[in-house]
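Q: Got a structure for you, written out below as structure tokens; questions coming shortly.
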Amino acid sequence: MDLQRTILIVGLAVVGYLMVLQWNQDYNKPPELSTTEVVSVGEAPVAQAATGSSDAPVLESDTVVDHGSAASAQLITVTTDTLNVTIDTRGGDIVSVSLPKYPKVKSQPDNPFVLLENNQNRLFVAQSGLTGTDGPDRQGHPVFTAAKTSYQLDDGKDTLQVDLTLKTDKADITKRYTFDRGGYQVSVDYLIHNTSDQTWRGNFYGQLKRDNSKDPSSEFSSKTTINTYLGAAVRSNEKQYQKVDFDDFASKPFKETVEGGYAAILQHYFVVAWVPGQDHQNTYQTRVVNGNNIISVVEPSIEVKPGQTGEAGAILYVGPKNQEVLGALADGLNLTIDYGILWWFAKPLFELLQFLHSILGNWGWSIIALTVIVKALFFPLSAASYRSMAKMRKLSPKLQSLKEQYGDDRQKMSQAMMELYKKEKVNPMGGCLPILVQMPVFIALYWVLLESVEIRQAPFILWIHDLSQMDPYFILPLIMGASMFVQQLLSPTPPDPVQARVMKLMPVIFTVFFLWFPAGLVLYWVVNNLLSISQQWYITRKIEADPNA
């Protein structure tokens, strides 16, 4: 039996099995039903009083507010160059955010992608408030007032400030939103002016509330979806980046007090995160209320003396997964661009791809250039592999003769094959190791192309208008399948007929898998295969032409 081909077939079988699992996860996952419960009157989280700066309040209850009903006091719209925001004066919560620079559908550039919303189809909102002993949110969502119902970032201005005001029996409170031009981070600050004769005490909290509806940003065609990770992430005491699945919110609730940190909800290409003060202890918690998933952060208690003004707040990031920006906000937040276990290799791959794009100006050509560079780096390994395969191909007639000579006597057949390999100075394992070494590159690049928002709706040439979507005419997958078939013609034929039949099926199987893969990934495989064919053909031709090779 051809040991080399056996190992390759086993390897391909394992890869095929893993791809089947990924296929089932990505394409056959049933849609999740929304369990949003809408009520006409909402209550804010009720909190226990903090006993100290490191003992944050525990949020006990929360209900869904229908911000389109009477429960909504007033809706305020905020427009910047990067964000379209709707704020409900009841609680001063952000109940809608769309991203004008990221169209939902490429063919409709004026239809921005909606990241936060609260309607009958989906609930995903960012809430914040003051809890604790004197916090106004302790007894229900307070109703703020605003000077206007519409705010817009004017030309020539870099910042936009939106103030919501509230008077209580103990303090005058201003909830201030600050928006920056070109940015997706929003500063949310509470200014508490103590008008009483006693010390004011309270805690800032921020929370993200989401139902179980599917990820709208994972859609890349009208017929199929890619289901990347949809869930929460935090910085725990053990990890900079720890996923917390929605399924675990009720059964395995997360609660830790961490220095700095963040509370995020991830979906394909986009992330929403509360980033509190990084220089003090913050308490993070997950829970499920009325079927909705809630992840919250509570900052340490603050005290404001009579007649004094105190401040508390956090940064809310709501936008695309930008590694540089997220990494600057909090340690580990940039890991929400989830490249999997090969992140340490995928990240430099992305940086190289980004550098190539800065020169070429097109992500398709950048992928091709990256493929050439990766292929050049692995050229010596590939050459060794193809040289071994070419020698094995040259020995095919002799191996077939040994099979006919020894028939079903596998022991003698194996001994004769080893003697032949030794005599001809051929290493049957020579073609395996280089291929296995290159597999991490393929896997890492898969996640780079899948997770990088820069590739979203990026055009290439001709019929490829979006590298993050499947090839609409299946041309690239068919070219890839044809290239795999050509590679087989240049490879030695396995002496075992079963192995030979399996190998003939591999181009068909892989073509089917790649029909619905993002065009950018298929483009990489096509270019890699074409380069491999050129290299393999040259080496095979050279060895077969040299009788002493």
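The values are calculated or read from the model by the stated rules, or taken from the named source; none is laboratory data. Keep in mind it's a predicted model, so treat the numbers as computed, not measured. Cβ placement follows ideal geometry from the backbone for every residue including glycine, while neighbour counts extend to all protein chains displayed. Protein only, heavy atoms only, side chains kept; ligands, DNA and RNA dropped before computing areas. Shrake-Rupley method; radii C 1.70, N 1.55, O 1.52, S 1.80 Å.
Q: Between N84 and L377, what is 0.36 nm times their sequence separation minus the Cα-Cα distance? Round to one decimal in nm.
A: 101.0 nm
Q: At 0.36 nm per residue, minus the direct Cα-Cα distance, what do R181 and L75 gain on full extension? Give it in nm, one decimal, please.
A: 35.9 nm
Q: Hey, another quick one. Between region 235-285 and region 319-347, what is the C-alpha centre distance in whole Å?
A: Region 235-285 and region 319-347 have Cα centres separated by 14 Å.
Q: Distance cut-off 27 Å, Cα to Cα: go down the list K106/K375; K170/K255; K209/K252; K214/K252; K167/K305 and report the pairs above it.
A: From K106/K375; K170/K255; K209/K252; K214/K252; K167/K305, over 27 Å: K106/K375; K170/K255.
Q: Given a 1.4 Å probe and the protein chains all in place, what does the accessible area of D163 round to, in Å² to the nearest 10?
A: Approximately 50 Å² for this residue.
Q: A further question on this structure: Could you point to the residue in P306, I359, N290 farthest towards the positive end of region 284-373's charge dipole, with +1 and -1 charges on the Cβ of Lys/Arg and Asp/Glu respectively?
A: After comparing all options, I get N290.
Q: Largest first, how would D245, D155 line up by accessible area (1.4 Å probe)?
A: These residues rank, largest area first, as D155, D245.
Q: What order do D154, D197 take when sorted by accessible area (1.4 Å probe), most exposed first?
A: D197, D154
Q: Ignoring any ligand, DNA or RNA, what whole percent of the accessible area of region 291-395 comes from carbon and sulfur when the probe is 1.4 angstrom?
A: 63
Q: So for S301, S358, S483, what's the accessible-area order with a 1.4 Å probe, most first?
A: Listed by decreasing accessible area, they come as S358, S301, S483.
Q: In addition: Assigning unit charges at the beta carbon (Lys, Arg +1; Asp, Glu -1) and nothing else, what dipole magnitude in debye, to the nearest 20, does region 246-375 show about its Cα centre?
A: 380
Q: Taking the full set of protein chains and a 1.4 angstrom probe, give the accessible area of T174 in square angstrom, rounded to the nearest 10.
A: Number for this one is 30 Å².
Q: So what does the Cα-only Debye profile of region 316-362 read at q = 0.32 Å⁻¹, as log10 I(q)/I(0), no solvent term?
A: So the normalised log intensities are -1.13.
Q: Among 125-134, 254-263, how do they line up from the highest to the lowest mean number of other beta-carbon atoms within 10 Å?
A: Put in order of decreasing packing, that is 125-134, 254-263.
Q: Using alpha carbon coordinates only, what is the Rg to Rh ratio of region 268-413, with Rh defined as the Kirkwood radius?
A: 1.32
Q: Considering only protein heavy atoms, what is the solvent-accessible area of R501 at a probe of 1.4 Å, reported in Å² to the nearest 10?
A: Ignoring ligands and nucleic acids, R501 comes out at about 140 Å².
Q: For L420 and T149, calculate 0.36 nm times their separation in residues minus their Cα-Cα distance, and state this gained length in nm to one decimal.
A: That pair, L420 and T149, stretches by 89.0 nm at full extension.
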